[in-house]
Structure formats: structure tokens, C-alpha cells
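What follows is calculated from the coordinates using simple rules that are stated; it is not laboratory data. For clarity, every value in this text was computed on a predicted model and none was experimentally measured. Note: ideal-geometry Cβ built from the backbone for every residue, glycine included; neighbour counts use all protein chains shown.
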Amino acid sequence: MSRTAPVPASEVRVWDGEADVVVAGNGSAGASAAIEAARAGADVLVLDAAGGWGGASAMSGGEIYLGGGTPLQKACGVTDSPEAMFRFLQLATGPGADDEKLSVYCEHSVEHYDWLVGCGVPFVGELWTEPSWEAPTGYGLMYTGGENAAPFVDLVPPAPRGHIVHMEDKKPGERSAGWELMNHLVRTAADAGAAVRYDTRVERLIVDDGVVVGVEAVTAGQPVRLRARRGVVLASGGFGADTAMLEQHSPRLAGNWLVGTDGDDGRGIRMAQAVGAAVRHMDAGQVAFPADPALVFRSILLDARGRRFVTEDTYPGRIGQTALFRQDRQVFVLFDETADEELRSKTGVPPRPTWVSDDLPELAALMGVPADVLTQTVETYNAHAARGEDPLFGKSARWLRPLRPPYGVVDLRKIPYGIFTLGGLHTSVRGEVLDSGGDPIPGLFAAGRVTNGIPAWGYCSGTSLGDATFFGRRAGRAAGSGTAGTG
Ligand SMILES: Cc1cc2nc3c(=O)[nH]c(=O)nc-3n(C[C@H](O)[C@H](O)[C@H](O)COP(=O)(O)OP(=O)(O)OC[C@H]3O[C@@H](n4cnc5c(N)ncnc54)[C@H](O)[C@@H]3O)c2cc1C
């Protein structure tokens, strides 16, 4: 692996190019930064290691976490406020949420919606209330964080805030709305005057007396040194593709399936650390639970002893984090024929049980859990469900129904989870990269998954694109209007 130590500016004899602002990465954070830097009057150069734009952002479902009373929320008859959004995110994205970031994010969320619309990003459609990761075309808003499930539903007035970029003919999981989002952002950046170079990997920062004044990149196998007169914005994604970094910072995330691209190699984080940047929550990750939410809501989830461990009708990423970090993936889904039939009619995709039996002790033996524990778990759940109650976990009455034999069990113990990292560079609300003393590193800015942002430890779908675009804009604006490196 090549070095990440900074290059002293005194070693640079000839600059191979220059701009006011150099942005590393042309995903949602980088494109948003480029737009605002260019609009602040800067001459902007975006570099991307890949052969084209988009990164993980273009592969994504295009769900953006926005609220506080957006026009789409109002059109769907949803009441929301910045205060409710702040309180919910503080609970759901913690522990260790950054209150200052949350506060500006929630306060300016409606304005950010308008900014995205101004870039041509389309939001239309109705509220989708079925349990799923994504909504079909025609639905523009959904719950994406467990707002309407225990424990949050009893603590904060719930509101759906997952705003889904509209895209015709999308096929969830194959061709999703993230592409549509990115198409508008990169076009807007180009219209604002930002230039782009692909197949150009930023490898090291160039520093002059503590100020970041440029980058060393590699293109066509050759190193190039590019001067950034006002600042460098790192927008190069997370570190889920770097096994050594995963094993060092968050070993439970290692060995899973990366929801991202090869570009998520953590190099941006390491380059910035090499000039003194602080990091936050490097153990945190988004963890997609590997079972269809439409099945999970209708089932019970069991741990390695045959006990329930979570409310099944919450955000599946929350279940994923609980199952991976607290249960070490030793979990099962138990459902019945009614759930099977409902799933077939609602989704057309039937569950695939590992075992089927009328007899709980027989299932317990197959699962390797104590028979009396499994039997008691199902009997207790059923007795409460018959009264529309779940005193143990607070599952909503909409999903409570006694489970009847024959039962199906899906064994998830060896199934990898879809993950991406949430930990990263510590940044200010202006997008400045901070050192371990909390001071900005002159000339260095960052946004997106190279940073730790709104999803500090906990995650809600849409907070990654939301945070990347929102703080990407701020980083671009701060860099574009800055003076670092001009001296
Ligand atoms: C299938 C899928 C579905 C998802 N759905 C959602 C969703 O609906 N909502 C949501 O909020 N999030 C979603 N996510 C997560 C989200 O897409 C990402 O976390 C987010 O897009 C990260 O944005 P970014 O700009 O930080 O990074 P990226 O979009 O990955 O962009 C980083 C760019 O930097 C480039 N790069 C990397 N290293 C270098 C380097 N050294 N030099 C130059 N360039 C470099 C990469 O090539 C890439 O183009 C999803 C992800 C996937 C894969």
C-alpha cells in the first residue's frame, strides 16, 4: 500500500495543474461541494479515482432524510417540525450524536430540500407504509428510521422523513434512484463551472507550513501534483473496502458484504490523519439485516437461546446493528403460514425457511436452542399478541398476531450482512476537518462517509445521502470562499 504521509510543498518544483478548490471524489458529497464552491466564485477541479461519476451515491436507493415540514411532507398530509426531527435523530443516531450538526441539519432541512429541487432533483408521490427497504416508483415518502416503532414512537411524535428521489422504471436493488440524484448533481456542478478528471486517485495531501495547499494524485500510473489555492475537500467515501481498517476499528463489520464501491478504501481518512485530523465513531456501521422486512415484521426474531431480542417492526438497519453488534449474527426468524401467505400476496417473494415443523421442541433441536425456552418464547408472544400487546418490546398492534403451526424458521447465522462504515473524520458544521484539539486544519475540508456526520453511531436510511449533500454543500462553500494556500 502506498504512503499517505503528506508531501511538503517545498518538495514541489512544478505544479501539474491548479484550481481554487480541489475536490477528491465525485459522489453526492463531492458533487454538492463542487456546486457550492463554484457558486461561491471558486475555480473548482473534481478528481475521481473511478472512470466516471457517482460512487456509492449512484448505486443507492436515493432515499434522503429530510423533514421539519418539507413541501413533500405537507403534500402527503404529514405534520413535522425541526424540533421533533432533532429529538428523533438525537435518539436514533446516537450514542454520541453531534448536537451542533444535528441542530443545523434539522433547522435547514426544508431549505436543503429546496436546494435539491433547485438542482433538478425530483420528489413526488405518496406515502409508502409497507415494510421494505425501498418504495416502488410512485411513492415519495416513507419511514426510514423506526420513527413509528418502539421505543421512539412513545418519545417523539413520529413523522416519515425518507424522501425518495423520483425515478421512472426503477427496480429496487438493481436500478435505483441514486443514479437519478447523481445525474442532477453532476450536471448542476458542470453548469456551475466545475471541471472533472476521472481515473485520478488522490493519494497524499500537500502541506505548506501546516496549511493544506494541494494534493498528489496518480493518473495513468503517473503522479501529478495539483495546487488548491483555497482548499481541498475530501469526499472519497468510507472504509468498508479496506479489511485491515475494518479489523482495526470495527472487527464485527469485517467479513460482511460491502454496500459501496472499491473506492471505500479509507484512504481519505488516512491521508487526513497523517496531517493531524481527528476521527470519531470508527466502530460505527450501517448494517442491513439480511431478511425481507415484510417477513421480519410478521415474524419473531430469536437469539442463540431462542429468546426475542428486538422489536421486529422497527427500521431493519436498527435490527441489523443489534443482531451484528449484540448477538454476533446468531439469530433466527420464526414465522407461520399466515405470514408466508401474506408475503406471497404482498411481495410475490415467498420466505425460504431452513426448517419447517409443527413441533416447537423439534424445531428447537434443529436450531440448537433449548426446547423449553423456545416454547415459552412463542407461548408468551402469542398470549400477548392475542390481546394486541407486546409488553416485552412494544411491537405495534398492527403486526401482532399469535403464530400458529406449522412454523418456518430461517437460520441467518451464516448469512453476511450488507454494511458500510459511518465513522470518519471529525468535522465542524462548516465542513472543516478538525484536529485532536478541535481546531480546523487550514485548507482541509471534508463531507460524506469520509467523515462522521449525522449518522454518528446509529443509522436511519437517508441520513447518509442527506448528510453527504448537506455538509458537502457547506464544505464546498467554506473552501470556495476561503483563503488557505493563497499566501
Ligand atoms: C445499494 C446501496 C443503497 C443505498 N441506499 C441509500 C439510501 O437510499 N439512502 C442513503 O442515505 N444512503 C444509501 N446508501 C449509502 C450511500 O449511498 C453512501 O453512504 C453515500 O452515497 C456516500 O456518499 P459519498 O459522497 O461520501 O461517497 P461516494 O458516493 O461513494 O463517492 C465517493 C467517490 O470518491 C471516489 N474516490 C474514492 N477514493 C478516492 C481517491 N483517493 N481519490 C479520488 N477519488 C476517490 C470514488 O470513486 C467515489 O466516486 C446506499 C448505498 C448502496 C451501495
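General remarks:
- Distances between placed amide hydrogens fall under 5 Å for Gly285 paired with Leu422, all partners being 5 or more residues away or on another chain.
- In degrees, nearest ten, helix 28-39 long axis to first principal axis of the chain (Cα): 40
- Seen from Gly462, the other residues with C-beta closer than 13 Å to its C-beta sum to a net charge of -3, counting Lys and Arg as +1 and Asp and Glu as -1.
- A cut-off of 5 Å between modelled amide H atoms, ignoring neighbours fewer than 5 places along the same chain, links Asp336 with Gly408.
- Karplus-based coupling profile of the stretch 282-291, in residue order and whole Hz: 5, 8, 7, x, 7, 10, 7, 5, x, 9, with θ = phi - 60° in 6.51 cos²θ - 1.76 cosθ + 1.60 and x standing for Gly or Pro.
- About its Cα centre, the stretch 291-411 has a charge dipole of approximately 460 debye under the convention of +1 per Lys or Arg Cβ and -1 per Asp or Glu Cβ, with nothing else charged.
- The fraction of Cα-Cα pairs per 10 angstrom bin, counted from 0 for the chain, comes to 4, 20, 29, 23, 13, 7, 3, 0 percent, rounded to whole percents.
- Net charge of neighbours whose Cβ lies under 12 Å from the Cβ of Arg280, counting Lys and Arg as +1 and Asp and Glu as -1: -1
- For the stretch 11-87, the dipole from Cβ point charges (+1 on Lys and Arg, -1 on Asp and Glu) about the Cα centre works out to 340 debye, to the nearest 20.
- Helical runs (DSSP H, four residues minimum) scored at -39500 (n - 2.57) apiece and divided by the length of the chain put the mean residue ellipticity at 222 nm at -8500 deg cm²/dmol.
- Under-5 Å amide H pairs with Glu18, H placed in peptide plane, nonlocal only: Arg227
- Cβ-defined net charge surrounding Pro136, 12 Å radius [Lys, Arg +1; Asp, Glu -1]: -2
- Along the stretch 417-427 the Karplus relation, 6.51 cos²θ - 1.76 cosθ + 1.60 evaluated at θ = phi - 60°, assigns HN-Hα couplings of 9, x, 10, 9, 7, 10, x, x, 5, 7, 10 Hz to successive residues, with x for each Gly and Pro.
- Compared with the dominant Cα axis of the chain, that is its longest principal axis, helix 82-92 is turned about 70°.
- Averaging Cα coordinates gives a centre for the stretch 162-240 and one for the stretch 305-367; these two points are 40 Å apart.
- Each residue of the stretch 62-77 is assigned a 3J(HN,Hα), and the resulting list reads x, 8, 10, 7, 9, x, x, x, 6, x, 5, 4, 5, 5, 8, x Hz, derived from the Karplus form 6.51 cos²θ - 1.76 cosθ + 1.60 (θ = phi - 60°), x at Gly and Pro.
- Net dipole in debye of the chain [+1 Lys, Arg Cβ; -1 Asp, Glu Cβ; about Cα centre; nearest 20]: 460
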